Amino acid sequence: MEARDGELKADLKKELDATLHARRELGEEYDSALVDSFLGKVEQRLDGTIDRRLRRHLAEQQMVVARGARPASGSPLDSWSERFGFGVISLILAIPLSAIGAGTGGLTGLLVTWAGIFGVNAAHTARGAESGRRRKQRTSEWDD
């Protein structure tokens, strides 16, 4: 990719040199037309570069999804920190939710609130355990 960026820089430098040379030959009355032309070429090059990078990124994401895996997280610590963060947020949100549930529905409202909190945490834990099992079963990236 750096080679392609080098080519683009070299091409743009040539374009700028040609634009400056044309300005010297044509005079100042054509400045705005020359600048517009050069900026149009820069915009086309940027659009092409962005399109290529975006297509490559989307293709990588599609490959990850097609393999049935989550994007590479880097370390097992990531799943632990995700679970820990989710648990802490659940406890923090449980306080106002409990107050709202108990205030509007009494003991029944409190029990329904905590059942909902328990259900969300259980679903999150089951999702994490299921994806962990899937990673352990797969021995290489080529196995499906």
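The values are calculated or read from the model by the stated rules, or taken from the named source; none is laboratory data. Everything quoted here is computed from the prediction, not taken from an experiment. All Cβ positions, even for glycine, are placed from backbone atoms using ideal geometry, and neighbour counts span all protein chains on display. Each accessible area value is taken on the protein alone, full model and side chains, heavy atoms only, with ligands, DNA and RNA left out. Shrake-Rupley method; radii C 1.70, N 1.55, O 1.52, S 1.80 Å.
Surrounded by 13 or more Cβ atoms within 10 Å (Cβ to Cβ), among the hydrophobic types (A, V, I, L, M, F, W, C) and either part of a helix (DSSP H, G or I) or out of contact with any strand residue (DSSP E or B) (no Cβ under 6 Å at 6 or more places or on another chain) (or both): does that describe residue 102?
So residue 102 fits the description; yes.
Applying the selection to the stretch 105-120, what residues are touching a Gly at 6+ places or on another chain (Cβ under 7 Å) and open to solvent by 40 Å² or more (accessible area, probe 1.4 Å)? Give the derivation first.
Of the residues in the stretch 105-120, the ones touching a Gly at 6+ places or on another chain (Cβ under 7 Å) are 109-110, 112-113.
110, 112 - these are the residues of the stretch 105-120 that are touching a Gly at 6+ places or on another chain (Cβ under 7 Å) and open to solvent by 40 Å² or more (accessible area, probe 1.4 Å).
Is it the case that residue 94 is open to solvent by less than 60 Å² (accessible area, probe 1.4 Å), of a type in the set (A, V, I, L, M) and modelled with pLDDT under 80?
In short, no.
Return only the number of the condition from (1) within 27 Å of the chain's Cα centre (by Cα); (2) modelled with pLDDT under 85 that residue 63 does not satisfy.
Only one criterion in (1) within 27 Å of the chain's Cα centre (by Cα); (2) modelled with pLDDT under 85 is unmet by residue 63, namely (2).
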